[in-house]
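The values are calculated or read from the model by the stated rules, or taken from the named source; none is laboratory data. Remember, predicted model here, so these are calculated numbers, not experimental data. Neighbour counts run over all protein chains shown; Cβ positions are idealised from the backbone, glycine included. Ligands, DNA and RNA are excluded from the accessible area calculation, which covers all protein heavy atoms including side chains. Shrake-Rupley method; radii C 1.70, N 1.55, O 1.52, S 1.80 Å.
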Amino acid sequence: KKISAEEATFLYYRTEDFYSKTVFMVSIDDISNLTLKTETKTYSFDIEKNPSGSEELNKYIVECDCKVYDSSYFQSFYQYLCMLEVMDFDTEKVKGEPELTITYNYNDSKREPTVIKFYKVNATKYQCFVDGIDMGKIGSSNFKKISKNLESLLQGKQVIVN
């Protein structure tokens with residue numbers, strides 16, 4: 001049997017076409033702690049299921065520096081982190097310290113934490129590494145939105161995902 005070349009689009013795929021653009025995604029149910037380390041401060045959020053919470057309201061108890069945060073706001077913040085996508089897979093040598101390090105600690109103590117590091121490449125891009133593996137670059141506007149959303153969460157304000 002024969003088919004036309006137009007129907008066999010897979011013949012024209014590049015290696016990058018098989019990559020996932022998502023930087024990192026894991027269910028919040030699997031996380032016991034999320035730590036964000038900036039150049040100046042570290043924020044460590046302990047996360048546990050709320051035994052009296054419902055599926056929609058107060059499902060988690062989220063605490064950082066002895067302060068409990070609104071579960072829905074934290075979930076929106078976490079959702080944004082899961083939605084981060086690389087804009088390209090080109091890599092460059094990076095120097096210095098990361099501008100942001102995110103560490104995911106799991107409920108399963110046998111599982112090693114996942115560490116994501118973001119390095120500024122230029123005014124418009126940040127290169128990200130997941131457990132030391134270069135994943136590509138995200139746009140600076142997406143990077144800045146992590147900080148903006150974190151600030152909203154810390155101030156007890158609604159976190160905007162999109």
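When E85 is tested against (1) modelled with pLDDT of 95 or more; (2) in contact with a strand residue (DSSP E or B) (Cβ under 7 Å, 6 or more places away or on another chain); (3) more than 13 Å from Y43 (Cβ to Cβ), just one condition goes unmet, and that condition is (1).
Which condition from (1) part of a loop (DSSP other than H, G, I, E, B); (2) touching a Gly at 6+ places or on another chain (Cβ under 8 Å) is the one that K110 breaks? Result: K110 passes all but (2). Residues that are open to solvent by 40 Å² or more (accessible area, probe 1.4 Å) and either under 13 Å from the mean Cα position of the chain (by Cα) or closer than 18 Å to C82 by Cβ (or both) within region 116-128 comprise just one, K117. For the residues L84, L36, L100, L57, the requirement of being under 25 Å from I160 (Cα atoms) and open to solvent by 90 Å² or more (accessible area, probe 1.4 Å) singles out L57. Scanning region 136-161 for residues that are touching a residue at least 24 places away in the same chain (Cβ under 8 Å), surrounded by 14 or more Cβ atoms within 10 Å (Cβ to Cβ), assigned to a helix (DSSP H, G or I) and touching a strand residue (DSSP E or B) at 6+ places or on another chain (Cβ under 9 Å) yields N142, F143, I146, L150, L153, L154.
Pairing each residue of region 121-133 that is over 14 Å from K21 (Cα atoms) with any residue that is among the aromatic types (F, W, Y), provided the two are 6+ apart or on different chains, yields C-beta distances under 8 Å for Y126/F118; Y126/Y119; Y126/F143. Between S72, S52, S76, the distinction of being of a type in the set (S, T, N, Q), on the phi < 0 side of the Ramachandran plot and open to solvent by 70 Å² or more (accessible area, probe 1.4 Å) belongs to S52 only.
Taking the criterion of being modelled with pLDDT of 95 or more, among the polar types (S, T, N, Q) and assigned to a loop (DSSP other than H, G, I, E, B), the only residue of region 88-107 that qualifies is N107.
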